[in-house]
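Following: one structure in structure tokens, then a few remarks.
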Amino acid sequence: MNSHLLPFPYNQLKPPTWLDHILHPLSGLLFDGVKDRTPQIPVHVSVAGRGAKQELPPIRIICISDTHNLTPLLPPGDILIHAGDLTARGTSEEIQSQLRWISAQPHPHKIIVAGNHDIILDEASDAKFLSRSEDCAAERERIKWDGITYLQNESVTLNLPVPGLETQQIRKVTIFGSPYTPELGSWAFQYPAIRDMWTGRVPDDTDILVVHGPPALYGDCDGQTEPTGAAKVKGDGYLLREIRRVKPKMVVCGHIHGAFGTTIIRHDGIQEVENGLHMRWEGYGLSNTLIHSAKVKITGRRASDPGEDTLVVNAAIAPSDLQKETKSPVPVDLYLT
């Protein structure tokens, strides 16, 4: 087990020191910070980078998660993505009701993953919930998906024609989806928080990653803090590392209701070092942070093209302790140039 990849408190290689108490406020002077923000609707994502000439119309993606049996009004779009927790109790009746609602939507492509509440979809949970009255295997066989693509650790490539062109042109988008989250309570699709479930799992050609649980530091900050004052890490550190390896254009997640919003993973040295410092990963220290920060501040340039950024959308619409009302779906315009 590579415990140096794990977020505190699972990382026991480096116990808290006096330095942890001063690095949190200091990092605000060096970096833009890693915070979730209320999304500006719609969010724009360009494969070619900011300011590039947009030769094709965008692909409108509608992002939702954690509906928990709710059926909110959805804006139109090309792709509808649901990042899990369709239900509250995970029964086949609840699942089928949510699938009927999603199937009735006008979006040409509908992609979903399960969440920890969607118990009936997790075969591995059958033995865990022996008190359930229904025959889970039989109920799963009877589920009708009706035009919905369900992803469980697998990919799909969508072909989207460009409307209005005399010569038909196809835009291709590859989406990888997984329902798994670190263990918390007794639910479905969970793994021990100290286990690496992600290294090498996401295909290199992934454009959009759909996961129920967010990566560490992005889409997982709901206002809770550690004793040092730093934001409490609720996402998965291995997943963050995998996203930095693959560099998908988007990550759609949920699970942490209070972290609804958007944030950006910048694939440059300075933010990577900041992440390593925050997570106390082995090989990341204050000296590396200061060197990378000084280089960027002096040159005025980032270490990577902004077109390599990854947008993280926590689309959990369910209420939270900080936001009692139901949130709205998040539309994203994806430009392929």
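Laboratory data are not the source of any read-out in this text; all were calculated from the coordinates shown. None of the values given here were measured: they were computed from a predicted structure. No Cβ is skipped: glycine too gets one built from the backbone with ideal geometry, and neighbour counts run over all protein chains shown.
Quick look at the values:
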read-out	value
Where Rh is the Kirkwood radius over Cα pairs, Rg/Rh for region 102-217	1.04
Calculated FRET efficiency for the pair Glu282/Thr157, C-beta based, R₀ 35 Å, to 0.05	0.45
Modelled FRET efficiency - R0 30 Å, Leu73 with Thr228, Cβ distances, 0.05 increments	0.10
Euclidean distance of C-alpha centroids, region 165-240 and region 93-123, integer Å	19
Glu141/Arg201 FRET efficiency (R0 25 Å; Cβ-Cβ; nearest 0.05)	0.40
